[in-house]
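Asker: Please find one structure pasted underneath; my questions will follow.
Please treat every number below as a calculation from the coordinates, not as lab data. All values derive from a computational prediction rather than experimental measurement. Cβ placement follows ideal geometry from the backbone for every residue including glycine, while neighbour counts extend to all protein chains displayed.
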Amino acid sequence: MINTIPVIDISLMDGSETEYRDFLSQLRIAAHEVGFFYLSGHGVDPALLTRVQQLARQLFSLTESEKSAISMINSPHFRGYSHAAAEFTRGRQDWREQFDMGAERAAVTMLPDMPPWLGMHGPNQWPVSIPELKNTLLKFQQIMTVVALKLLRAFALALELPETSFDGIYGAMPNEHMKLIRYPGRDVTSSDQGVGAHKDSGLLTFVLQDKQRGLQVEVAENQWIDVAPRDNLLVVNIGELLELATNGYLRATMHRVITPPEGRERLSVAYFLGATLDCVVPLYALPAHLAVEATGVAVDPDNPLLREVGMNYLKGRFRSHPDVAEKFYRHLWRL
């Protein structure tokens, strides 16, 4: 049985020919068999990782009125602050407060004949009292995008596809997404569900953890293992779009976060490499020796996975934040 997730060193992609081949093999095996791994050699400045976490703690320490001023309920783009138990996974409340942001763009003037997912593009909300937060998070987002695109191309090479095979899914205007997340302890919550079991819907997810455990991965049916925090390592997992694109060869794995013990809290920062919302995910023809190992895509009848990226993302936002969906998309939100 798997009892830990592997460590993959992305710096080996620029190493010797032997190191490069070993890296691609390790990456392919980790993504196929587990769907989760630690990423080392990513080159992100540890000082930046520390500063992002410090600013996240400042954000969650703001007064309730300051946090309410940037509440997600103000944003048709699903950006901003959400208090604990405001988000849902599989119909149950998640005991985490969080701040959602995405690519900083102008809002689209929506017309009746436009696809509704265009409403996801727009500006972020920022707290007035932490002016540094905007520039630091946007810088971190840009750096993470570079790392993520390098890894995305490495996946293509590991699957013996042309290096730019997945570039079309990512597109020219991807829907990148970031979350700052705080999980309060069990003395505050009425549940052990920090966030319920789920798969991520995008291409790739990167998680920066603090010292508190809580993230767990289902490596086999009803077999969960801890993903312990490790200094300066990022946790990476495969999203459902890559699972769709490879007929399940790349594995989008169920994971969850358990509420911290009484008197403790957990902080994490998640970066999601999204896809262009106008994309329809194709099915890639893998080499025969890999295609035969593809397990197909797991189907959840209560939450069907759509190849139309925009509608799939919109559906996910509606399910997670029904209050925002009802306010801004009342004619659509029960899709």
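Asker: Note down the Stokes-Einstein diffusion coefficient of the chain in µm²/s, whole number, using a Kirkwood radius over alpha carbon pairs, 10 °C, and 1.306 mPa s.
Answerer: Stokes-Einstein gives a translational diffusion coefficient of 78 µm²/s.
Asker: Related question: Just in segment 299-335: which trypsin sites (Lys or Arg not before Pro) are loop by DSSP and have at most 15 other Cβ atoms within 10 Å?
Answerer: Passing both the DSSP loop test and the Cβ count: Arg307, Arg330, Arg334.
Asker: Please list 175-183, 280-288, 80-88 highest first by mean number of surrounding beta-carbon atoms within 10 Å per residue.
Answerer: Sorting 175-183, 280-288, 80-88 by mean packing, highest first, produces 175-183, 80-88, 280-288.
Asker: Distance cut-off 26 Å, Cα to Cα: go down the list Lys139/Lys315; Lys134/Lys199; Lys150/Lys199 and report the pairs above it.
Answerer: Those over the limit are Lys139/Lys315; Lys134/Lys199.
Asker: Could I ask something else about it? Can you order the peptides 200-206, 190-196, 44-50 by their average number of other Cβ atoms within 10 Å per residue, highest first?
Answerer: Ranked by mean Cβ neighbours within 10 Å, highest first: 200-206, 190-196, 44-50.
Asker: Each label point is 7 Å from the Cα along the Cα-to-Cβ direction; what then is the distance between the points at Glu221 and Ala69, in nm?
Answerer: 5.3 nm
Asker: Treating only the Cβ of Lys, Arg, Asp and Glu as charged (+1, +1, -1, -1), what charge dipole size does the chain show about its Cα centre? Round to the nearest 20 debye.
Answerer: 760 debye
Asker: Would you work out the charge dipole size for segment 1-102 about its Cα centre, treating the Cβ of every Lys and Arg as +1 and the Cβ of every Asp and Glu as -1, and quote it to the nearest 20 debye?
Answerer: Charge dipole of segment 1-102: 400 debye, to the nearest 20.
Asker: Using mean Cβ contacts within 10 Å as the protection proxy, how do 237-246, 117-126, 27-36 order, highest first?
Answerer: 237-246, 27-36, 117-126
Asker: Just name one of Thr246, Leu157, Ile258: the one whose Cα is farthest towards the positive end of the charge dipole of segment 7-328 (beta-carbon charges, Lys/Arg +1, Asp/Glu -1).
Answerer: Ile258
Asker: Which one, Gly41, Ala148, Ile130, projects farthest toward the positive side of the charge dipole computed for the chain from Cβ point charges (K/R +1, D/E -1)?
Answerer: Sorting the options by dipole projection puts first Ile130.
Asker: Further question on the same structure: Treating only the Cβ of Lys, Arg, Asp and Glu as charged (+1, +1, -1, -1), what charge dipole size does segment 77-156 show about its Cα centre? Round to the nearest 20 debye.
Answerer: Dipole magnitude for segment 77-156 comes out near 300 debye.
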